[in-house]
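Trainee: Pasting a structure here, questions to come.
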Amino acid sequence: MSAVAVIGIGRIGLPLVRRLVAAGHLVRAHDVRPEVERQVRAAGATWAPRLADAIAGSEVVLTVLPGSSELANVALGPEGLLVGLSPGPVWVDLTSAAPDLATRLAEAALARGIAYLDAPLGGGVQAMTDGTVGLYVGGPASTLAQVRPVLQAFATEIRHVGGPGAGYLAKLLINALWFGQAVMTAEALLVAQRAGINASTMATALGGSAGDGAFAHRHLSALLRGDYLTTFGLDRCVEELDSVLRFADDQNLPHPMLTALTDLHRHALEHFGPVNGELMAVALLEARAGTLLRAEQPDADG
């Protein structure tokens, strides 16, 4: 049993609290929104109205925040995590943040004598609810070994991928590949549909073929039901792709496909605004094609 602080009680943070409590850990939780206090208490955790209250006496601190800017504010602000946290606890960040931020966080944590891991999670809300998320961990392997028992309360796959920032980068690269699979699969189905092949028929044909993949196998059926996977914001998709693109630029690497993918998502953001939906770039393709990818083929207008 460990004393664990959870900072960030959103779609992922609340089921995270439940998983930790169910595993027998003593959990204190904090969020900038006081209205989540009732849910935290109902989950069996202690509510901390201030960040300092949450982290005091904690052995492990878990942050799970919407994105890089929120993480930087919480960690590096004048009353932030790295100001209030005393040496001793391990800080594990579960946010899908930019790799270049990891350098600043690692240096600031080291200066304060705080062990830090970047460990963004994969699988989303349902996987956290089920305790089956995957973690991509950057930082010292010895630190990971120290906190692994806590992480196993909610993660079934814990992959150590390298030093500070490697976890962030690995997760964002995986996400970029998934976004690319989604867009290319949708393009192929739009061509097939225009040629008279029903989208569901083409989706079935993809199964087990060279064109199959994680998107087609796990998520294409949702799209064909009209579900654009609304547990994640389109603006966050663009933020993630921009982070990978910036990293590739900094490394002087070619990235024509990544550039095209990022541009398409930016255009979708301009078209739809910051709505929820990981597949809104596909929705943009449908709008441009004037048709929807469904088992039946209604017009995009109605």
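Rule-based calculations on the coordinates, nothing more; no lab input. Remember, it's a predicted structure, so these values are computed and weren't measured experimentally. Because the Cβ atoms are built from the backbone with ideal geometry, glycine has one as well, and the counts that use them run over all protein chains shown.
Trainee: Can you find, among 94, 145, 127, the residue farthest towards the positive end of the dipole of the stretch 76-163? Put +1 on the C-beta of Lys and Arg, -1 on that of Asp and Glu.
Mentor: 145
Trainee: Another question, if that's okay. Please work out the FRET efficiency for the pair residue 145 and residue 227, using the Cβ-Cβ distance as r and a Förster radius of 45 Å; give the result to the nearest 0.05.
Mentor: Once rounded, the FRET efficiency stands at 0.70.
Trainee: Place +1 on the Cβ of every Lys and Arg and -1 on the Cβ of every Asp and Glu in the chain, take the dipole about the Cα centre, and give the residue among 184, 63, 241 whose Cα lies farthest towards its positive end.
Mentor: So the residue furthest toward the plus end is 63.
Trainee: Over the stretch 71-121, what is the relative contact order in percent, taking alpha-carbon pairs closer than 8 angstrom and at least six residues apart?
Mentor: Once divided by the residue count of the stretch 71-121, the mean separation gives 43 percent.
Trainee: What angle, in degrees between 0 and 90 and rounded to the nearest 10, separates the Cα long axis of helix 99-111 from the longest principal axis of the Cα atoms of the chain?
Mentor: That helix lies at roughly 0 degrees to the long axis.
Trainee: Modelling each spin label as a point 7 Å along the Cα-to-Cβ direction, I'd like the residue 266/residue 187 distance in nm, to one decimal.
Mentor: 1.8
Trainee: Also, I was wondering about something else. Taking the 0 to 90 degree range and rounding to the nearest ten, how far is the long axis of helix 280-289 tilted relative to the main principal axis of the chain, both from C-alpha atoms?
Mentor: It is inclined by approximately 10 degrees.
Trainee: Classify the stretch 3-163: rounded, prolate or oblate, from the alpha-carbon gyration tensor (a ≥ b ≥ c, eigenvalue square roots; a/c under 1.5 rounded; otherwise prolate if a/b is larger than b/c)?
Mentor: rounded
Trainee: Considering only C-alpha atoms, what is the centroid distance from the stretch 1-60 to the stretch 118-142, in Å?
Mentor: 17
Trainee: Of 247, 272, 154, 179, how do they rank once you tally other Cβ atoms within 10 Å and put the fewest first?
Mentor: 272, 247, 179, 154
Trainee: Relative to a virtual label point 7 Å from the Cα of residue 100 in the Cα→beta-carbon direction, which members of the stretch 245-275 show backbone nitrogen distances below 14 Å?
Mentor: What the label zone holds, given the 14 Å backbone N cut-off, is 245-253.
Trainee: Scan the stretch 1-100 for GluC sites (Glu not before Pro) in coil per DSSP, keeping those whose Cβ has at most 16 other Cβ atoms within 10 Å, and list them by number.
Mentor: Sites meeting the loop and neighbour criteria: 79.
Trainee: Among residues other than residue 40 whose Cβ falls under 15 Å from its Cβ, what is the net charge (Lys/Arg +1, Asp/Glu -1)?
Mentor: Net local charge, residue 40 excluded: +4.
Trainee: Remind me, relative contact order of the chain in percent, using alpha carbon pairs under 8 angstrom and six or more residues apart?
Mentor: With pairs under 8 Å counted, the relative contact order is 13 percent.
Trainee: Just for the chain, what percent of DSSP beta bridges are antiparallel, to the closest 5?
Mentor: For the chain, the DSSP antiparallel bridge percentage is about 15.
Trainee: Compute the angle between helix 166-194 and the longest alpha-carbon principal axis of the chain, please, reported from 0 to 90 degrees and rounded to the nearest 10.
Mentor: Relative to the chain, helix 166-194 is tipped by roughly 20 degrees.
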